[in-house]
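The values are calculated or read from the model by the stated rules, or taken from the named source; none is laboratory data. Predicted, not measured: the structure shown is a model, and the values here were computed from it. In this analysis, Cβ positions are derived from the backbone assuming ideal geometry, glycine residues included, and neighbour counts consider all displayed protein chains.
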Amino acid sequence: MHQLLSPWGRVLKPGRIALLALLLVMSLLTGCGSKSASTVEPAAANSTEAGKQDKDKDNESSGQAEEKQSESFTPVTVKDELGNEVTISEAPTRVFAPYMEDSLLVLGVQPVAQWSNGSKLQEHLKDRMPDVPAINFVSGLPPSAEAVMSFEPDLIVLHNASYAQNGVYENYSQIAPTYVFKNAAGDVESSVRQLAELLGKSVEAEQALQAYQQKVTDTKAKLAPVIEGKTAAIIRLNGKGMFVMGGEYFGGYVLAHELGLAKSKLVEDANSANLSLEILPELGADYIFLANDGGTGDAFVKELTESSIWKGLDAVKNGHVYEVNTEYWFGGGLIAYEKIMDDVVELLAP
């Protein structure tokens with residue numbers, strides 16, 4: 001049976017033919033300007049018959065794998081966390097879920113593209129997806145619909161409601177079914193289960209979550225002698241200033257919700273709080289974790305650690321201040337959270 005290929009050398013499902021046509025029209029309209037680093041270059045034409053046969057075999061194998069997965073997939077219609085109705089008729093095989101690569105990987109799914117900020121990738125994940133191209137979120141803003149379309153996704157998942165603003169959702173949802181979380185990092189276990197429902201990967205999700213919960217149990221047991229009744233604070237420093245992280249997401253979630261360390265009173269009712277030397281004595285933390293965001297907070301680290309107020313804190317005098325890796329302490333997934341737990345054990349109960 002003759003198979004229609006995209007310009008990128010992939011077998012097109014019937015539902016993607018219209019998508020390809022739209023992409024080609026957009027390409028004609030945008031002209032022949034310079035290509036973004038986040039786009040995929042079309043595969044070069046094979047110059048020999050042997051090369052063509054190899055490609056045909058690869059495409060046939062890929063098509064058979066997709067067909068097998070589709071046969072076991074139950075179509076699903078759900079509302080995302082912004083109230084948008086999302087219908088997925090066939091098992092997604094090309095998923096674009098920027099900053100949710102962690103959750104995709106624990107479900108055994110390789111994304112079609114991985115989040116980057118300039119040349120910065122999520123370092124703790126890149127070895128797990130070495131062949132996955134990067135797509136750039138310049139200044140934290142989502143890439144254009146055309147850049148996303150070049151990856152031919154059949155499912156798009158946005159981990160934060162802010163990614164869906166300014167017409168982004170409307171444009172992305174024309175490319176593929178698009179599901180939006182308000183904040184997937186706020187409850188990682190719930191977001192993993194929801195992602196699994198969209199992908200038909202509920203069995204994989206429960207296996208991953210069971211292993212994760214065992215990790216939480218083991219970590220709490222190791223830390224019990226040193227964290228009972230203790231308070232911890234994460235101080236984030238970057239080019240904009242100093243902040244105390246709350247306990248509702250990222251490393252703060254792990255410390256407060258998973259490990260049971262009490263939060264600083266500065267963030268008892270907030271996800272974060274501005275920090276200054278004047279209010280530093282109110283921090284009230286037995287353990288302090290310093291997170292210098294990519295080295296951008298060097299000036300504030302110097303201001304903080306050289307002040308007499310800082311030096312007078314009990315945590316500082318007791319040697320309970322620790323620098324941590326911001327790259328995964330600000331990651332929102334089970335892989336990142338397990339690495340954070342490993343750090344806490346190594347720092348507090350080596």
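Ala270: without any contact (Cβ under 8 Å) to a residue 40 or more places away in the chain, under 30 Å from Gln207 (Cβ atoms) and surrounded by fewer than 18 Cβ atoms within 10 Å (Cβ to Cβ), yes or no? The answer is no for Ala270.
Here Val244 passes the criteria (1) in a helix (DSSP H, G or I); (2) at pLDDT 95 or above except the one numbered (1).
Restricting segment 114-134 to residues that are touching a Pro at 6+ places or on another chain (Cβ under 9 Å) and assigned to a loop (DSSP other than H, G, I, E, B) leaves a set whose member that is nearest to Lys339 (Cα to Cα) is Met129. Screening Leu158, Leu141 for residues that are closer than 22 Å to Ser116 by Cα, without any contact (Cβ under 8 Å) to a residue 12 or more places away in the chain and either among the β-branched types (Val, Ile, Thr) or assigned by TED's automatic domain parsing to the domain that holds Trp115 (or both) leaves exactly one candidate, Leu141. With respect to (1) modelled with pLDDT under 95; (2) not assigned by TED's automatic domain parsing to the domain that holds Asp286, the lone exception for Leu209 is condition (1). The set of residues from segment 135-154 being assigned to a strand (DSSP E or B) and crowded, with 23+ Cβ neighbours inside 10 Å comprises just one member, Ile135. Comparison of Ala232, Ala211, Ala262 shows that the only residue that is over 27 Å from Asn292 (Cβ atoms) and either free of Cβ contacts under 8 Å to residues at least 40 places away in the same chain or crowded, with 18+ Cβ neighbours inside 10 Å (or both) is Ala211.
Scan segment 274-299 for residues that are crowded, with 20+ Cβ neighbours inside 10 Å and either under 23 Å from the mean Cα position of the chain (by Cα) or hydrophobic (A, V, I, L, M, F, W, C) (or both) and the total you get is 7. Criterion applied to Val324, Val344, Val301 was being in contact with a strand residue (DSSP E or B) (Cβ under 8 Å, 6 or more places away or on another chain), in the same structural domain as Phe243 (by TED's automatic domain parsing), within 22 Å of Asp218 (Cα to Cα) and modelled with pLDDT of 95 or more, and the one residue passing it is Val324.
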